[in-house]
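Notes for the one structure printed next.
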Amino acid sequence: DGKTIIKTGRRQGTGTYTLFTNGSGSTQSAGTVEIWGIYGTPSAGSYANYLISGNRSIQTVIAHTQTNSAVPVVSLAWNGADLQVSNSNSSLYYNVRVTLGEIGNTWAPTWGNFPGMS
């Protein structure tokens with residue numbers, strides 16, 4: 001029905017969390033996922049922008065670090081129908097923004113357990 005949904009959340013430390021669960025159709029999860037990772041100061045950070053589309057596709061649009069030492073980019077992957085983020089560095093504080101656009105008729109995403117998602 002062409003609507004757009006934007007959700008954000010933030011987390012510190014390690015873990016794997018589900019952002020949302022894809023619908024049964026192949027094109028119901030089109031959108032972007034942006035992830036910022038920070039080590040204490042804004043100058044020590046990483047950023048990644050992922051394009052997600054039908055048939056559980058993920059394309060990395062941009063990923064870079066802004067620091068003298070590499071700040072890890074939080075990984076994004078499908079686990080079955082669940083789109084999940086994983087972070088293995090306990091010092092990393094990260095923010096996530098999920099934008100789902102042109103969502104298919106009769107489908108609403110089932111949001112997962114990523115902390116602070118609103």
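Taking 0.36 nm per residue of sequence separation and removing the Cα-Cα distance, the ASN79/ILE58 pair yields an extension gain of 6.3 nm. Backbone geometry of segment 77-86 corresponds, through the Karplus equation with coefficients 6.51, -1.76 and 1.60 at θ = phi - 60°, to 3J(HN,Hα) couplings of 7, 7, 10, x, 8, 9, 8, 10, 10, 10 Hz, x marking Gly and Pro. Multiplying the residue separation of LEU51 and LYS3 by 0.36 nm and subtracting their alpha-carbon distance yields 15.5 nm.
Given a Förster distance of 22 Å, report the FRET efficiency between ARG10 and TRP107 from their Cβ-Cβ distance, rounded to the nearest 0.05. Don't jump to the answer; show the numbers that get you there.
Numbers: r = 26 Å, r/R0 = 1.20.
Result of the calculation: an efficiency of 0.25.
Here, each number is a calculation from the coordinates, and none is a lab measurement. The shown structure was predicted, so the numbers you read here are calculated from the model rather than taken from an experiment. Methodologically, a virtual Cβ is constructed for each residue, glycine included, from the backbone with ideal geometry; neighbour enumeration extends over all protein chains shown.
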